[in-house]
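Undergrad: Can you keep this structure in mind? I'll have questions shortly.
The values are calculated or read from the model by the stated rules, or taken from the named source; none is laboratory data. All values reported here derive from a predicted model rather than from experimental measurement. As a convention, Cβ positions derive from the backbone with ideal geometry for all residues, glycine included, and neighbour counts pool all protein chains shown.
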Amino acid sequence: MKIAALQLSTLPLSNKKLRDYITKAKQEGAKVIVLGEYVLNNFFKELVKLQKNMIAIQSKQKIEALEAYAKEFDIHIIAPIVIVDNEKIYKATGKFSPNESEFKNQEFLINYNHWDEESFFDNEIHNKISVLTFSLNGLNFAVINGFEIHFDHIWLEVIKENTDIVLVPSASTFGSNQRWNEILKTRAFLNSLYVLRVNRIGSYEDEGSFWNFYGETYLINPDGFIEESIDSSEDMLIVNVDIKELRDVKTSWKFKEYLKKRALI
């Protein structure tokens, strides 16, 4: 199955660029399209300076466009989106399919002095962790939002769902390339699955510090190796997920069988 990863910065209000990329992805045979974090909306540090009604307008316009494109192009689109509902603001992921749309709030949010999403968004803090999942053409997908890759409890849910490919929209910066690469390569190998990481590009300057979102979108295969990648410029990566390779790796390493024997999954 072919999947398109769109490596972009925040999109303009006009949907022309978005439509052009979706058209091209469809022409390339993609069944699924994935966008990075803070592409439909402004980056977080810019978002906190916007009025709530402006955020709501921005999100509404993008949601309506993606719902229409999913139906028109008969394609599935995964995209992080900020939801404004009853005066509350949530960081979520949207799954836009030809016949329906689904939204899932992010479970773990960054909470650091320089980047405090947890205090800004109204996402509930609880102990019932779940992930956004769906199945298509014999493949089981799970979506992990950026920061969530650091938590074992998220990956435990991925394992329970018998996942074949994890989609990871992100907005990574500050030269964290190598750390992200090693985490995701290890997770792909130990769980015998593909990982498609889609990272934002662009920059933000804040009180003398420069935030560079470095892109480097890539596909990691179930053996834990980066199979295809692009650099730090705006681009679209078309990857092909090989079901046979996936099944062969699962059969060879049998990691899940060890868990099933002990009734752990």
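For every residue, the table says whether it meets (1) free of Cβ contacts under 8 Å to residues at least 12 places away in the same chain; (2) crowded, with 22+ Cβ neighbours inside 10 Å.
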site: LYS16; (1), (2): yes, no
site: ARG19; (1), (2): no, no
site: THR23; (1), (2): no, no
site: GLU46; (1), (2): no, no
site: ALA56; (1), (2): no, no
site: PRO80; (1), (2): no, yes
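Undergrad: Of these, GLU182, GLU234, which one is surrounded by fewer than 14 Cβ atoms within 10 Å (Cβ to Cβ) and either at pLDDT 95 or above or among the basic types (Lys, Arg) (or both)?
TA: Result: GLU182 is the single residue among GLU182, GLU234 that is surrounded by fewer than 14 Cβ atoms within 10 Å (Cβ to Cβ) and either at pLDDT 95 or above or among the basic types (Lys, Arg) (or both).
Undergrad: Just one of ASN113, ASN99 is more than 22 Å from LEU184 (Cβ to Cβ), surrounded by fewer than 18 Cβ atoms within 10 Å (Cβ to Cβ), at pLDDT 95 or above and of a type outside the set (A, V, I, L, M, F, W, C); which is it?
TA: After ruling out the rest, the residue left standing is ASN99.
Undergrad: Sticking with this structure for a sec: Being surrounded by 15 or more Cβ atoms within 10 Å (Cβ to Cβ), farther than 19 Å from PHE44 by Cβ and not basic (Lys, Arg): is that true of ALA142 here?
TA: yes
Undergrad: Which of (1) touching a strand residue (DSSP E or B) at 6+ places or on another chain (Cβ under 6 Å); (2) in a strand (DSSP E or B); (3) over 19 Å from LEU40 (Cα atoms); (4) free of Cβ contacts under 8 Å to residues at least 40 places away in the same chain does PHE210 not meet, given it meets every other one?
TA: Going through the list (1) touching a strand residue (DSSP E or B) at 6+ places or on another chain (Cβ under 6 Å); (2) in a strand (DSSP E or B); (3) over 19 Å from LEU40 (Cα atoms); (4) free of Cβ contacts under 8 Å to residues at least 40 places away in the same chain, PHE210 breaks only (1).
Undergrad: Here's something else I'd like to know. Looking only at region 131-138, decide whether some residue is crowded, with 22+ Cβ neighbours inside 10 Å and among the hydroxyl-bearing types (Ser, Thr, Tyr).
TA: Taking every residue of region 131-138 in turn, none turns out to be crowded, with 22+ Cβ neighbours inside 10 Å and among the hydroxyl-bearing types (Ser, Thr, Tyr).
Undergrad: Here is a check on your reading of the model: is GLU227 under 17 Å from the mean Cα position of the chain (by Cα), closer than 20 Å to ILE33 by Cα and in contact (Cβ under 8 Å) with a residue 12 or more places away in the chain?
TA: no
Undergrad: In the set GLU87, GLU46, which member is acidic (Asp, Glu) and at pLDDT 95 or above?
TA: GLU46
Undergrad: Additional query: Condition check: farther than 27 Å from VAL239 by Cα and either out of contact with any Ser or Thr (no Cβ under 9 Å at 6 or more places or on another chain) or loosely packed, with under 15 Cβ neighbours inside 10 Å (or both). Does ILE33 satisfy that?
TA: no
Undergrad: Would a scan of region 15-34 turn up a residue that is in contact with a Gly (Cβ under 6 Å, 6 or more places away or on another chain), assigned to a loop (DSSP other than H, G, I, E, B) and closer than 25 Å to TYR90 by Cβ?
TA: Within region 15-34, none of the residues are in contact with a Gly (Cβ under 6 Å, 6 or more places away or on another chain), assigned to a loop (DSSP other than H, G, I, E, B) and closer than 25 Å to TYR90 by Cβ.
Undergrad: Looking at (1) in a loop (DSSP other than H, G, I, E, B); (2) over 15 Å from the mean Cα position of the chain (by Cα); (3) not acidic (Asp, Glu), find the lone condition where VAL39 falls short.
TA: Of everything listed in (1) in a loop (DSSP other than H, G, I, E, B); (2) over 15 Å from the mean Cα position of the chain (by Cα); (3) not acidic (Asp, Glu), VAL39 misses just condition (2).
Undergrad: Of the residues SER229, SER192, which is surrounded by 13 or more Cβ atoms within 10 Å (Cβ to Cβ), in contact with a Pro (Cβ under 8 Å, 6 or more places away or on another chain), among the small types (Gly, Ala, Ser) and farther than 24 Å from ALA92 by Cβ?
TA: Every option except SER192 fails the conditions.
Undergrad: Just wondering, is there one or more residues in region 9-17 that are in contact with a strand residue (DSSP E or B) (Cβ under 6 Å, 6 or more places away or on another chain) and of a type outside the set (A, V, I, L, M, F, W, C)?
TA: Within region 9-17, one or more residues are in contact with a strand residue (DSSP E or B) (Cβ under 6 Å, 6 or more places away or on another chain) and of a type outside the set (A, V, I, L, M, F, W, C).
Undergrad: Could you grab me the full set of residues in region 1-41 that are among the hydroxyl-bearing types (Ser, Thr, Tyr) and within 15 Å of ILE77 (Cβ to Cβ)?
TA: TYR21, THR23
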